[in-house]
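The values are calculated or read from the model by the stated rules, or taken from the named source; none is laboratory data. Keep in mind that this is a model prediction, so the values were computed, not measured. Here Cβ is always computed from backbone atoms with ideal geometry, including for glycine, and neighbour counts include all displayed protein chains. Heads up: the accessible areas ignore ligands, DNA and RNA and are worked out on the full protein's heavy atoms, side chains in. Shrake-Rupley method; radii C 1.70, N 1.55, O 1.52, S 1.80 Å.
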Amino acid sequence: MASGTAIHRRWAEIPFEPINPTISRKYVTGDRVTVAQFELKKDGVIASHSHENEQFTLVMSGALRFKFADRQVVVRAGEIIQMPAWLEHGVDVLEDSVVIDVFSPVRQDWIDRTDSYFQR
């Protein structure tokens, strides 16, 4: 049986948070999921890291290179990459990009401001 109530938000009214000179994000968090939008500038880098969250990344525009221990995968507009929890990964931004990320469970490290891998 469902409890609680639906929450309606306007995505356009959620401000972007600058993370570093090449990365900005905005996100909403529910009880078990975080949904984020990133704006990434060409030649930006997200340092290799892992997290407890399963992650789906949908590239809306642009192109990203995901780097894993055993391979690299270029993900372009209209494509999705799915990563299990704790998979070590880094990202090179090949073109100015907009992406939607979905994480489960919620990104507690973002809420707590302990996501220091963006600063590496």
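Things to note:
- The residues on offer are 70, 96, and the sole one that is closer than 19 Å to residue 118 by Cβ and not aliphatic (A, V, I, L, M) is 96.
- Scanning segment 31-58 for residues that are outside any strand (DSSP E or B) and open to solvent by less than 40 Å² (accessible area, probe 1.4 Å), we see that the one that is nearest to residue 75 (Cα to Cα) is 44.
- Failed condition for residue 27, given (1) open to solvent by 40 Å² or more (accessible area, probe 1.4 Å); (2) over 25 Å from residue 14 (Cα atoms): (2)
- Tally of residues being assigned to a loop (DSSP other than H, G, I, E, B) and free of Cβ contacts under 8 Å to residues at least 24 places away in the same chain across segment 7-30: 8
- Pick from segment 67-81, criterion part of a strand (DSSP E or B), in contact with a Ser or Thr (Cβ under 8 Å, 6 or more places away or on another chain) and of a type in the set (A, V, I, L, M, F, W, C), ranking: surrounded by the fewest Cβ atoms within 10 Å (Cβ to Cβ): 80
- Residues within segment 82-116 that are surrounded by fewer than 17 Cβ atoms within 10 Å (Cβ to Cβ), of a type outside the set (Ser, Thr, Tyr), more than 13 Å from residue 25 (Cβ to Cβ) and free of Cβ contacts under 8 Å to residues at least 40 places away in the same chain, tallied: 7
- When 120, 107, 113 are checked against the criterion of being under 14 Å from the mean Cα position of the chain (by Cα) and at pLDDT below 95, 107 stands alone in meeting it.
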